[in-house]
Each structure stands twice: as structure tokens, then as C-alpha cells.
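These notes concern the structure reproduced below.
Computed from the coordinates by the stated procedures, all read-outs in this text should not be read as laboratory data. What you see is a predicted model; the values in this text were computed from it and never measured. As a convention, Cβ positions derive from the backbone with ideal geometry for all residues, glycine included, and neighbour counts pool all protein chains shown.
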Amino acid sequence: MLTRNTFDPLETLLDRLGVIREVRQTTNVEKGKNNVLQALKDGQPALVFADTFSLHYNALPTDSKIWLFMPLVIYGLDADCTYLSDRSAVPLQISAQELDQARGRTKDNKVDVRQLG
């Protein structure tokens with residue numbers, strides 16, 4: 001029996017759609033920030049994984065035992081604000097600190113940045 005599910009539906013979806021991407025992963029928070037900044041500097045949005053329960057706009061209860069990592073698209077970032085798209089009909093803004101908290105919810109998860117092009 002498998003101890004982990006090896007099926008990655010997002011990878012399969014992107015492969016089938018023919019989306020060209022550059023994947024950068026790290027467990028280092030600063031390197032993860034630099035990866036996002038580099039993607040944006042290259043004129044590309046960054047697809048990152050963040051904990052849904054840590055993002056205020058979801059209005060979910062805070063519980064140290066529950067987390068759910070979902071992809072979201074970052075299309076702008078400055079010192080105080082992150083501009084993103086996440087299952088909403090309108091653009092969203094959160095603080096850079098809130099994004100760091102949501103991305104770093106568990107220390108064993110890789111900071112995953114996928115540059116879409």
C-alpha cells in the first residue's frame with residue numbers, strides 16, 4: 001500500500017493543457033519570497049500554495065490542527081501588499097506578512113512557486 005498519494009491533479013491538469021511552467025521549490029522562506037519576486041520581475045504571475053485557513057478573506061476559524069493548502073496566483077507584490085487571485089471574481093489584497101504566515105503554516109511543506117507562461 002502507498003503511504004502517500006502520488007497523484008498530483010494540478011500537475012496533470014497543467015500537463016494536459018500544455019501550460020509551460022518553471023517550478024521552483026524551497027523550504028527557505030526568504031528564498032521562496034525571492035522566487036516569487038523573480039517570477040514577477042520576469043513579467044509572469046506566480047502560482048503559490050498557501051493555507052486557506054490562514055487567509056482572513058476566507059473567514060474560516062483558526063485552529064492549529066486544521067490546515068488546507070490551495071494554489072493561488074500572485075500577480076503583484078510590494079513591501080506592504082500582495083495582489084492575488086484566489087477563487088474570487090474580484091482581485092484580492094493581503095499584507096505580505098499574512099501571505100508569509102499562510103505559506104509557512106507547516107515547516108515541512110515546500111514553498112512552491114510555479115511560473116506560468
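Equivalent ellipsoid of the stretch 1-97: semi-axes from √(5λ) of the C-alpha gyration tensor, largest first, are 22, 20, 15 Å. Could you please report the charge total around residue 58, scoring K, R as +1 and D, E as -1 over all other residues with beta-carbon less than 10 angstrom from its beta-carbon? Result for the neighbourhood of residue 58: -1. Among 75-82, 10-17, the peptide with the highest mean count of other Cβ atoms within 10 Å heads the list, and the full ranking is 75-82, 10-17.
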